[in-house]
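Here the structure is laid out as structure tokens; the discussion comes afterwards.
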Amino acid sequence: MTYGFDTLQVHAGARPDPATGARQVPIYQTTAYVFRDADHAAALFNLQEVGYIYSRLTNPTVAALQERVATLEGGAGAVCCSSGHAAQIMALFPLMGPGLNVVVSTRLYGGSITQFSQTIKRFGWSAKFVDFDDLGAIEAAIDDNTRAVFCESIANPGGYITDLDAVAAVADKAGLPLIVDNTSATPYLCRPIEHGATLVVHSMTKFLTGNGTVTGGVVVDSGNFNWSASDKFPSLSAPEPAYHGLKFHETFGPLAFTFHGIAIGLRDLGMTLNPQAAHYTLMGIETLSLRMARHVENAEKVAAWLEGHPAVEAVTYAGLRSSPWHDRVARICPKGAGGLFTVALKGGYGACLKLVDSLNLFSHVANLGDTRSLIIHSASTTHRQLTPEQQTAAGAAPNVVRISIGIEDAKDIIADLEQALAKASA
Ligand SMILES: *Cc1c(COP(=O)(O)O)cnc(C)c1O
């Protein structure tokens, strides 16, 4: 028997504590774990037995969260990391190497665009940015040195929805894994693995924790990719010198990527999630479906109201009929288009700043996916490092504000926007 989503978000990965019977997952605030004896220690270090050694690698509170997210995403395993950006590096690390590239969508979170266009170059990696609605362009960008294809399901900040099935088919034809950042959608709205994704990454900082208390990330592996089908992924298919020639894919099958992520990734990169943060995220996920349903309900009301406002030029919410991506909602994220969208103001840059400064209920912050309604002017903040062309391509043009709709009363959210828009357009 398989449980439904609402049951799994409460129970998956959690069982009464074997030592005390504690019903809630305890925060195992410990760095190390006592070995039964010398043989047990040796078996753990050889990866012959699975267990706890040191909390940079594994921790029972973090493990419960890993199992919960993997279950909700329909994956084989998951590795938690210290942030969403850490998760992106952890997802690419086993696949990439100097001279190799990843083909990525132009429609990404601003920080991801900076990470991919600038910082990964220090590792000798590069990213090729492509419009993911142009499947021919994705195909053309893939070359012999490409090792992955990367996009967001519901793309931040513009409310764009990626045709995951079509992109997955292109990646699959080229023998490459598709990595999907599912932060804005969460597994409640979209399950990328069902649309052909190999790996799913999250910033758990956002909707998964849900209340702006934690920085965290996770990489979920579908377990579906054949890492040994070509010689492109030697970290997973070839003998690993650090473990006496062990081959991760041959030894661990569908858990190869997850074991590699812990045994090599966390061991040597050290981007570990702490147990306290894992606890907050577990608490958040217990109410994920309830929150997401309300985020969607409120976003639909607020976006429709904004679209009819005389000071507003455009609203990019895919839940609106006017959106060019509206047709994809039913197929890619059937329970709704999320709680995030952008609004373009007729008054331009100045009106955006006035709006942000005039709101009372909304918080002006560089975050999204909180129970509270949030707003930011992307062009002057999160997308500030980008060129105007990159800003516009990423849905963050100078006359655009990004809104993350909270779970408050929709009428209060609308009233706050109404008074602030009046000031912004005065
Ligand atoms: C916030 C965010 C990230 C980065 O996550 P951090 O936890 O802030 O490192 C990546 N992708 C998306 C879509 C995000 O919203």
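The values are calculated or read from the model by the stated rules, or taken from the named source; none is laboratory data. Please read these numbers as outputs of a predicted model, since none were measured by experiment. Neighbour counts are summed over all protein chains in view; Cβ atoms, including those assigned to glycine, are modelled from backbone coordinates with ideal geometry. Surface areas here come from the heavy atoms of the whole protein model, side chains and all, with no ligands, DNA or RNA. Shrake-Rupley method; radii C 1.70, N 1.55, O 1.52, S 1.80 Å.
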Next on the checklist: Restricting to the range 44-85, count the residues that are touching a strand residue (DSSP E or B) at 6+ places or on another chain (Cβ under 7 Å), away from the ligand (no atom under 16 Å from the Cβ), assigned to a loop (DSSP other than H, G, I, E, B) and over 16 Å from ILE264 (Cα atoms).
Outcome noted: 2
Checklist entry - Give me the pairs: first residue in the range 82-110 and closer than 22 Å to ARG384 by Cβ, second residue more than 15 Å from the ligand (Cβ to nearest atom) and not in a loop (DSSP other than H, G, I, E, B), beta-carbon distance under 6 Å, and six or more apart or on different chains, which are they? => result VAL104/PHE129; THR106/PHE129; THR106/ALA393
Checklist entry - Residue check: is PRO324 without any contact (Cβ under 8 Å) to a residue 60 or more places away in the chain, assigned to a loop (DSSP other than H, G, I, E, B) and not hydrophobic (A, V, I, L, M, F, W, C)? => result yes
Checklist entry - Do we find a residue being open to solvent by 20 Å² or more (accessible area, probe 1.4 Å), within 16 Å of the ligand (Cβ to nearest atom) and either assigned by TED's automatic domain parsing to the domain that holds PRO334 or of a type in the set (A, V, I, L, M) (or both) anywhere in the range 262-272? => result yes
Next on the checklist: I'd like to check something: does the range 250-260 contain any residue that is at pLDDT below 95 and among the aromatic types (Phe, Trp, Tyr)?
Outcome noted: no
Next on the checklist: Suppose we keep only residues that are in a helix (DSSP H, G or I) and buried (at least 16 other Cβ atoms within 10 Å of the Cβ) within the range 354-369. Which one would you say is nearest to the ligand (Cβ to nearest atom)?
Outcome noted: VAL356
Next on the checklist: Of the residues GLY158, GLY136, GLY175, only one is more than 11 Å from the chain's Cα centre (by Cα) and at positive phi; which?
Outcome noted: GLY175
Checklist entry - Looking at GLY223, GLY210, which one is at positive phi and either open to solvent by 10 Å² or more (accessible area, probe 1.4 Å) or in the same structural domain as SER373 (by TED's automatic domain parsing) (or both)? => result GLY223
Item to check | Subset of the range 91-146 (residues that are part of a strand (DSSP E or B) and open to solvent by less than 60 Å² (accessible area, probe 1.4 Å)) | outcome: ASN101, VAL102, VAL103, VAL104, SER105, SER126, ALA127, VAL130, THR146
Checklist entry - Can you name every residue in the range 169-197 that is open to solvent by 10 Å² or more (accessible area, probe 1.4 Å), more than 16 Å from the ligand (Cβ to nearest atom) and not acidic (Asp, Glu)? => result ALA169, VAL170, LYS173, ALA174, GLY175, ARG191, ILE193, HIS195, GLY196
Item to check | Residue satisfying all of: in the range 198-217; of a type in the set (A, V, I, L, M) and in contact with a strand residue (DSSP E or B) (Cβ under 7 Å, 6 or more places away or on another chain); farthest from the ligand (Cβ to nearest atom) among these | outcome: LEU199
Checklist entry - Which residue pairs have Cβ atoms closer than 7 Å, lie 6 or more positions apart in sequence or on different chains, and pair a first residue in the range 117-133 that is among the small types (Gly, Ala, Ser) with a second residue that is assigned to a strand (DSSP E or B)? => result SER117/ALA127; SER126/ASN101; ALA127/ASN101; ALA127/VAL102; ALA127/VAL104
Next on the checklist: Regarding the range 101-110, can at least one residue be identified that is over 19 Å from the mean Cα position of the chain (by Cα) and more than 11 Å from the ligand (Cβ to nearest atom)?
Outcome noted: yes
Checklist entry - Does PRO234 satisfy being away from the ligand (no atom under 13 Å from the Cβ) and not assigned by TED's automatic domain parsing to the domain that holds ASN367? => result yes
